[in-house]
1. Can you pull a Stokes-Einstein diffusion coefficient for region 94-247 at 25 °C (0.890 mPa s), Rh from Kirkwood over Cα pairs, as a whole number of µm²/s?
2. With springs only between Cα atoms under 10 Å, which of 46, 87, 213 fluctuates most in a Gaussian network model of the chain?
3. Arrange 140, 196, 186 by Cβ neighbour counts within 10 Å, fewest through most, would you?
4. When the helix-only estimate is applied to the chain (DSSP H runs of n ≥ 4, each -39,500 (n - 2.57), divided by the residue count), what is the mean residue ellipticity at 222 nm, nearest 500 deg cm²/dmol?
5. Taking the mean number of other Cβ atoms within 10 Å as a proxy for protection, how do you rank 100-109, 36-45 from highest to lowest?
6. For residue 161 and residue 274, what is the calculated FRET efficiency with R₀ set at 45 Å and r taken between the beta-carbons, to the nearest 0.05?
7. Compute the angle between helix 102-117 and the longest alpha-carbon principal axis of the chain, please, reported from 0 to 90 degrees and rounded to the nearest 10.
8. Rounded to the nearest 0.05, what FRET efficiency do residue 243 and residue 66 have when you use their Cβ-Cβ distance and R0 = 45 Å?
């Protein structure tokens, strides 16, 4: 058993391209996009973050993408050095149009830094979407992910495998508990919808799903009808008043009248909050990581 675990850990942590930033390290699979490594490293350096990061190619998301400048999409997994395996939250962040950029990385990691400072153990996974800054479709292809049964579950299992190896190598122990939180910002709401209609969003049983000004089109209604309605998943709807996500979310709340303890609806003042501001604070605006916990 020990030999098998060591072999698994060694295979996961084999480093084809490593960038060290003071106490931080980025480990990259061979063939991952150089510009993504450069952007991530720049943000980590500017923010003086202490963490281990992986840039890897997921078998379940974008292994072949002719509209990506590198021919395939990547995934980032980021774990602050303050996180411990005893009870860790894996946050999966679906970015908006033109995302997977320095702006996205700074948006997400600023919140991770604050959450870690409050004593929470957190890991964050950012899968690159078909509408990323690294594609020729920065403003389209929404929802073109998790197209086959089990795709999102396979993606989560890949991240869990890396976290298990991190726990064994860095802390000499197994992970005791992983809770999952899924966030879709803006166009990222279409990825929540896709994972719900595909079915395995509920199979991985996230504790919380956060819609960060993301209820465009009929994504929210379709995600609810897909698998969320019959699950125990808690949803947070963050919207800026009067914009399209607000209108769609309000119609959803009126039509379905969900239990307010399960579906928490926050309407933010449009004079105080811009669309991007909501993404910058999505994890903080909810009670998913209460201060002082």
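1. The calculation lands on 151 µm²/s.
2. Top of the fluctuation ranking is 46.
3. Taking fewest neighbouring Cβ atoms as first place, the list is 140, 186, 196.
4. Numbers: 9 runs with 106 residues, N = 293.
Dividing the helical sum by the residues of the chain leaves -11000 deg cm²/dmol.
5. 100-109, 36-45
6. For R0 = 45 Å, the calculated efficiency reads 0.75.
7. 80
8. Details: r = 33 Å, r/R0 = 0.74.
The formula returns an efficiency of 0.85 here.
Each value in this text was obtained by applying a stated rule to the coordinates, not by laboratory testing. For clarity, every value in this text was computed on a predicted model and none was experimentally measured. Don't worry about glycine lacking a Cβ; one is built from the backbone with ideal geometry, like all the others, and counts go over all protein chains shown.
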